[in-house]
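Notes for the one structure printed next.
The values are calculated or read from the model by the stated rules, or taken from the named source; none is laboratory data. Keep in mind the model is a prediction, meaning the values are calculated, not measured. The area values use the complete protein model at the heavy-atom level, side chains included, leaving out ligands, DNA and RNA. Shrake-Rupley method; radii C 1.70, N 1.55, O 1.52, S 1.80 Å.
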Amino acid sequence: MEKGGQRVEAESSSASAGVVVVQESSDAVGEETEVELGGRDVEDEEVDADEDEEAGADGFVPSPLIPLKDQLEKDKEDESLRRWKEKLLGCVEGELDGQTEPEVTFHSIGVISEGHADAVTSLPVAETQNRVLFTLKEGSKYRLKLTFSVRHNIVSGLTYSNTVWKRGLKVDQNKGMLGAFAPQRDPHELLLEEETTPFGVLARGIYSAKLKFEDDDKRCYLELDYSFEIKKR
């Protein structure tokens, strides 16, 4: 798949209803980073490894979760904050139950491509359903589209990764940061970055892929194994 750049941008606020569009985020497959440890002993490395497990590889430690209902009770005398919270949550405020952890449910996955009828598959995928979710022509541009709901609390630091294999060989890996999403009545819609299918005789055939969504606490909300096919233009 051909992609460029190393940045993710959201064209619409994740706190409001609408479609969030992810633009340009990719990690080239096969790239490796070498780190020289020169002069460090084993004990130092073990201590750092323990710290990494607690704080994450990038040193980021997520803040403890607070029930959204409790957050709404704070600063009630601040009129601007009150209006912002009402805009953020809309009419779901009365449905909050004090649960701390967010609940994210994915409803569908689809593909959008010019000259191609939109193909939408409900989630979870039935065991009896064909795992080839869509077929595209070589050299065509496309985006994956997902719908999902958030309940109980704001999910923050939502990230995704999409890894593709052909005949057991990893040929593409794509990942990005999506941001924070609040509970709302209507499902959130998400368009992942635009990709281009490869072309040529060797590019045609069936590919297998794994799509995964996690938050900054490493909670996994979706891990989907699927396949797609590339045909001659």
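In bins 5 Å wide, starting from 0, what share of all Cα pairs of the stretch 162-229 does each bin hold, as a percent?
3, 12, 21, 22, 16, 11, 7, 4, 1, 0
Which cross-chain or sequence-distant (5 or more) residues have an amide H under 5 Å from the amide H of residue 153, H modelled 1.01 Å from N in plane?
103
For residue 121, enumerate residues with amide H under 5 Å from its amide H, sequence gap 5+ or separate chain, H modeled in the peptide plane.
Amide H to amide H, under 5 Å and 5 or more residues apart or across chains, residue 121 pairs with 109, 110.
At q = 0.11 Å⁻¹, work out log10 I(q)/I(0) for the stretch 104-198 with the Debye formula, treating every Cα as an identical point scatterer and leaving solvent out; two decimals please.
With no solvent term, the Cα-only Debye profile gives -0.38.
Amide H to amide H, which residues 5 or more places from residue 20 or on other chains are under 5 Å from it, using H placed in the peptide plane?
When sequence neighbours closer than 5 places are left aside, the close amide H contacts are 189, 190, 191.
In whole Hz and in residue order, list the ³J(HN,Hα) couplings for the stretch 132-148 that follow from phi through the Karplus curve 6.51 cos²θ - 1.76 cosθ + 1.60, θ = phi - 60°; x for Gly and Pro.
Once θ is set to phi - 60°, the couplings for the stretch 132-148 become 7, 7, 7, 10, 10, 8, 4, x, 9, 8, 7, 9, 8, 10, 10, 10, 7 Hz.
In the stretch 95-233, carbon and sulfur make up what percent of the accessible area (probe 1.4 Å)?
49
Along the stretch 112-122, what does the Karplus equation 6.51 cos²θ - 1.76 cosθ + 1.60 (θ = phi - 60°) give for ³J(HN,Hα), rounded to whole Hz, x for Gly and Pro?
10, 8, 4, x, 10, 5, 4, 10, 10, 10, 6
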